[in-house]
Amino acid sequence: MQLTLRDDLLLVPVIVAYRGRQVQIPDLVVDTGSAATMIATDAVAQVGIIPEPQDILHIVRGVGGTEVVFSRRVDRLQIGPRSVETFEIEVGGIDPAFDINGILGLDFLLQTGAILDLGSLQLDFSLE
C-alpha cells in the first residue's frame with residue numbers, strides 16, 4: 001500500500017465496517033509510537049458510530065495534548081487487502097489544526113505484521 005507523506009506525516013486510508021455499513025476514511029497517521037488506533041468522531045459517524053450512554057470515556061495523552069475518547073469494537077478495520085475482524089478503535093476529537101482523521105496505532109500494525117518501508121513509502125504486510 002502506497003503511503004502519502006504530507007507535513008512530515010505518513011498517511012494511509014482505512015476502511016471501517018460497522019453493523020453492515022462501511023466507510024473509507026482518508027488520512028490516518030501511521031504512528032508506531034501510539035499504542036492504540038484512534039479515529040475522528042466525525043469520520044466514523046457516517047457508519048453509525050456515535051457516543052452512547054453506556055460508553056465509558058477515557059482520557060488519552062499524546063504529543064498533541066489530551067483528548068477524551070470512547071472505545072468501540074468495529075466489524076472490520078482494513079488497509080488495502082489486509083484487515084482485522086472485530087477490531088477495537090478509540091473514537092474522539094482530533095485537533096482541527098492537524099489535517100488528519102486519526103492515528104493508525106501499533107495495535108493494528110502488530111496484528112497484521114505490518115512492514116514499513118520508508119525508502120519507498122510503502123506499507124506492506126507479512127503473509128501470515
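Under the condition of being farther than 17 Å from residue 71 by Cβ, touching a residue at least 40 places away in the same chain (Cβ under 8 Å) and surrounded by 16 or more Cβ atoms within 10 Å (Cβ to Cβ), the residues counted in the stretch 91-120 number 3.
Apart from one condition, residue 4 fits all of (1) at negative phi; (2) open to solvent by less than 60 Å² (accessible area, probe 1.4 Å); (3) not charged (D, E, K, R); the exception is (2).
Counting only strands (runs of 3 or more DSSP E) wholly contained in the stretch 19-128, the ones carrying 1 or more residues that are at positive phi and within 16 Å of the chain's Cα centre (by Cα) occupy 21-30, 82-92, 102-104.
On the stretch given as the stretch 58-90, residues that are touching a residue at least 12 places away in the same chain (Cβ under 8 Å), open to solvent by 50 Å² or more (accessible area, probe 1.4 Å) and over 25 Å from residue 1 (Cβ atoms) total 3. Scanning the stretch 63-72 turns up one or more residues that are of a type in the set (Lys, Arg), modelled with pLDDT of 95 or more and within 17 Å of residue 108 (Cα to Cα).
Tell me, yes or no, whether the stretch 72-85 has at least one residue that is out of contact with any Pro (no Cβ under 6 Å at 6 or more places or on another chain), farther than 16 Å from residue 13 by Cβ and hydroxyl-bearing (Ser, Thr, Tyr).
No.
Screening residue 11 against (1) more than 19 Å from residue 88 (Cβ to Cβ); (2) open to solvent by 30 Å² or more (accessible area, probe 1.4 Å) leaves a single unmet condition, (2).
For the list (1) within 18 Å of residue 16 (Cα to Cα); (2) surrounded by 15 or more Cβ atoms within 10 Å (Cβ to Cβ), I need the number of the one condition that residue 46 fails. Unmet for residue 46, out of (1) within 18 Å of residue 16 (Cα to Cα); (2) surrounded by 15 or more Cβ atoms within 10 Å (Cβ to Cβ): (2). Applying a threshold of 8 Å to beta carbon distances and a minimum spacing of six or more residues, or different chains, the list of pairs starting in the stretch 7-34 at a residue that is farther than 23 Å from residue 59 by Cα and ending at one that is in a loop (DSSP other than H, G, I, E, B) and of a type in the set (D, E, K, R) reads 7/99.
Out of the residues in the stretch 92-128 meeting the condition of being in contact with a strand residue (DSSP E or B) (Cβ under 7 Å, 6 or more places away or on another chain) and of a type in the set (S, T, N, Q), tell me which one is nearest to residue 39 (Cα to Cα). Here the answer is 101.
The values are calculated or read from the model by the stated rules, or taken from the named source; none is laboratory data. Everything quoted here is computed from the prediction, not taken from an experiment. Counting neighbours? That spans all protein chains shown, and the Cβs are built from the backbone with ideal geometry, glycine included. Surface areas here come from the heavy atoms of the whole protein model, side chains and all, with no ligands, DNA or RNA. Shrake-Rupley method; radii C 1.70, N 1.55, O 1.52, S 1.80 Å.
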